[in-house]
Amino acid sequence: MNLGIIPGYGGTQRLARLVGTGKAMELILTGDAIGAQEAWRIGLVNQVVPVPELMSTANAMAQKIASKGQLAIRMALKAVNMTQETTLTDGQALEASLFGLCCGTEDFKEGTKAFLEKRKPEFKNR
C-alpha cells in the first residue's frame, strides 16, 4: 500500500495461506515491515540466525537436503507446492501417486536396506 499497489506475483494469496487471513490483511493493508523474530513467530520464515551464521546455516541445510534421495525430494516438492493449487482430496491423490512412484525406485530399495542395516544410504537417483 505504501507504493499505491497491491502485492503481486501471488503475494496476497500466498501470504494469507502462510500466516492466515487476519495477519496477511494487517501486513498488506498497513505496509508495515516486520522483524525477523516476528516473521518466525507467524510462520513466515523457518528459522532465524545471526547474520554471520546465515550462509553456514543455509549451506548446512542445503547439504542435508542434497544427501537425501533426489527423486523423492523432487516428488515431495511437487506435492507440497500443489497444496496451493488444488483441493485436499486432489492433493492427497497426487501424494498417493507420487508415493507409489517412489516405492518403485532403486533409491527406495537402497534407503530401506540402509535403514535396516543401520547405515547411511547411497542414493543413485534412480
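Since every read-out is calculated from the coordinates, none of them should be taken as a lab result. Since this is a predicted model, take the numbers as computed values, not measurements. As a convention, Cβ positions derive from the backbone with ideal geometry for all residues, glycine included, and neighbour counts pool all protein chains shown.
Quick look at the numbers
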quantity	calculated
Selected from Met61, Leu101, Thr89, residue furthest toward positive end of dipole (the chain; charges at beta carbon)	Leu101
Positive-pole candidate from Val49, Gly20, Ala33, dipole of the chain, charges at beta carbon	Val49
Projected label distance in nm at Thr12 and Thr30, using a 7 Å step from Cα toward the beta-carbon	2.0 nm
Dipole moment magnitude, nearest 20 debye, the chain about Cα centre, only Lys, Arg, Asp, Glu C-beta charged	480 debye
The chain shape via C-alpha gyration tensor axes, a/c threshold 1.5	oblate
Stretchable slack from Ala93 to Asn81, in nm (0.36 nm times residue separation minus alpha-carbon distance)	2.9 nm
Lysine pair number, Cα distance threshold 27 Å (strictly under), the chain, separation 8 or more or different chains	21
The chain: angle of helix 21-30 to the longest principal axis, Cα-based, in degrees nearest 10	50 degrees
